[in-house]
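The values are calculated or read from the model by the stated rules, or taken from the named source; none is laboratory data. Just so we're clear, the structure is a prediction, and the values are computed from it rather than from any experiment. Here Cβ is always computed from backbone atoms with ideal geometry, including for glycine, and neighbour counts include all displayed protein chains. For accessibility, only protein heavy atoms count, side chains too; no ligands or nucleic acids. Shrake-Rupley method; radii C 1.70, N 1.55, O 1.52, S 1.80 Å.
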Amino acid sequence: FFCFVQDFSKAMSQAGSSQFQEVIRQELEYSMKVELDKILATAHSNEIEHTKKDLEGFKKLFHRFLQEKGPSVDWGKIQRPPEDSIQPYEKIKARGLPDNIASVLNKLVVVKLNGGLGTSMGCKGPKSLIGVRNENTFLDLTVQQIEHLNKSYNTDVPLVLMNSFNTDDDTKKILQKYSHSHVKIYTFNQSRYPRINKETLLPIAKDVSYSGENTECWYPPGHGDIYASFYNSGLLDNLIAEGKEYIFVSNIDNLGATVDLYILNHLMNPPNGKRCEFVMEVTNKTRADVKGGTLTQYENKLRLVEIAQVPKAHVDEFKSVSKFKIFNTNNLWIALSAIKRLQEKNAIDMEIIVNPKTLDGGLNIIQLETAVGAAIKSFENSLGINVPRSRFLPVKTTSDLLLVMSNLYSLNAGSLTMSEKREFPTVPLVKLGSSFTKVQDYLRRFESIPDMLELDHLTVSGDVTFGKNVSLKGTVIIIANHGDRIDIPAGALLENKIVSGNLRILDH
């Protein structure tokens, strides 16, 4: 009898647990709605419309978050993409360019993702305003590139910046300096979503303000928000009305993401006559890129799979350079008409990225985000193009900054190209320790940027400074232990050297 009762209660609990979960979900959604209504009630009349749109978008994302459980891909369904779905760049380039490339360029819009702050590099304000080369910021270089393009071909390629509420004011102030440049610049804002308390699953914001104490209550929900925000801003329709057909989207901190005429020509004049609505530039993985999202074939569609979506048991397999050979550079070419069509049908499907964070006060929160490339499966006739590594040159850390400031690269019309004097095309592996994390500390530690043309690998740890005109070759490892300091003297040549201990050069 006891066994029968156990089996019966087990069966009942299984049937009831899904109903119980549904009740819990409904209660959470209702509680969230109540809190969001309270927040909306604090908005001034001129804020109501866009706040409402933001909160509606957030509600949809929150609803999906409650519905979905566990990693969002079935590992067994992942297949290698068919041969022709990822084209080698050489093949695209071999087609050459038509005589009317200017008319093709006039149908292009360059969009830069400009929502990020420079906090990871110890800077206040937008990351795009950090100086990266000869006093030029990321934004300066972007404007110079497009201006050079417009002057060379007598075209009108505009620049569109997707700002966040964190970067909008500072960016708009700086844009005045480009008022005489040969580039039309437009901006629109990402949505502003409330951060969620991890324990209660309720927003931590109590009103709409996002200044002062409330800055930590809100966040921009990842670059996947581009589709809805671009559409809602009205700019998408305006650009279509002007005859624009494609956007080239990339991160503003990727200095390799310049307009490529061969890819643009392939889009506008496809060899088979059928236009692609979405092109993702991918490049070959190295050991440094094992966490990058990869393109796979999934349910007969090209699909971007990110590490966060992979079941734990398969993470090592996902990171394998031999099985998944390519990763997404986040350089994307997308048809404007397709964005409009899919947005109006509410048919853009992107996986939710749950981003957990701990705020300064110790509160654990989650942010619900989406990634722009994840929408590839919603578009028709999508394509991957395997591009050279030179099109992926992101500056996420001061280690990256050292590379792009060095003589490895030369600067021409806003574009960085690897120096012809470097004998092999790969970039050295550079790891600067925590003493170099902040840009101001990093700049203080280099009297001038070392000659790195023949460098393979550099590791620096501890209290280290570099004098003027230092040359680094081969593998160089410099380690100052706690309490020690190493000053690399001016004019020093370090080739395949390990330097540790104490080295002080005193001026006299």
Contacts under 7 angstrom Cβ, first residue in segment 15-43 being within 17 Å of D207 (Cβ to Cβ), partner surrounded by 14 or more Cβ atoms within 10 Å (Cβ to Cβ) and among the small types (G, A, S), 6 or more apart: I39/A205
Residue match in segment 129-142 (condition: over 22 Å from W333 (Cα atoms), among the acidic types (D, E) and open to solvent by 20 Å² or more (accessible area, probe 1.4 Å)): yes
Any hit, segment 48-70, residues being farther than 26 Å from N346 by Cβ and either in contact with a Leu (Cβ under 9 Å, 6 or more places away or on another chain) or open to solvent by 40 Å² or more (accessible area, probe 1.4 Å) (or both): no
Flag if I479 is aliphatic (A, V, I, L, M) and in contact with a Ser or Thr (Cβ under 7 Å, 6 or more places away or on another chain): yes
Failed criterion for P311 (all others in (1) of a type outside the set (D, E); (2) open to solvent by 80 Å² or more (accessible area, probe 1.4 Å); (3) in contact with a Pro (Cβ under 7 Å, 6 or more places away or on another chain) hold): (2)
One residue from V282, V305, V290 being among the hydrophobic types (A, V, I, L, M, F, W, C), more than 27 Å from T137 (Cβ to Cβ) and surrounded by fewer than 22 Cβ atoms within 10 Å (Cβ to Cβ): V290
Some residue of segment 449-467 being of a type in the set (S, T, Y), outside any strand (DSSP E or B) and either within 26 Å of D253 (Cβ to Cβ) or assigned by the TED database to the domain that holds V143 (or both): no
Residues being assigned to a helix (DSSP H, G or I) and touching a residue at least 24 places away in the same chain (Cβ under 8 Å) - total across segment 204-214: 0
Single condition Y227 does not satisfy, out of (1) open to solvent by less than 30 Å² (accessible area, probe 1.4 Å); (2) over 30 Å from T42 (Cβ atoms); (3) among the hydroxyl-bearing types (S, T, Y): (2)
Residues of segment 250-285 that turn out to be under 18 Å from the mean Cα position of the chain (by Cα) and either assigned to a loop (DSSP other than H, G, I, E, B) or outside the structural domain of R341 (by the TED database) (or both), as a count: 8
Residue that is modelled with the lowest pLDDT [pool: residues in segment 469-491 that are among the small types (G, A, S) and open to solvent by 20 Å² or more (accessible area, probe 1.4 Å)]: G483
Breaking point among (1) of a type in the set (S, T, N, Q); (2) within 30 Å of K33 (Cβ to Cβ); (3) open to solvent by 50 Å² or more (accessible area, probe 1.4 Å), for S179: (2)
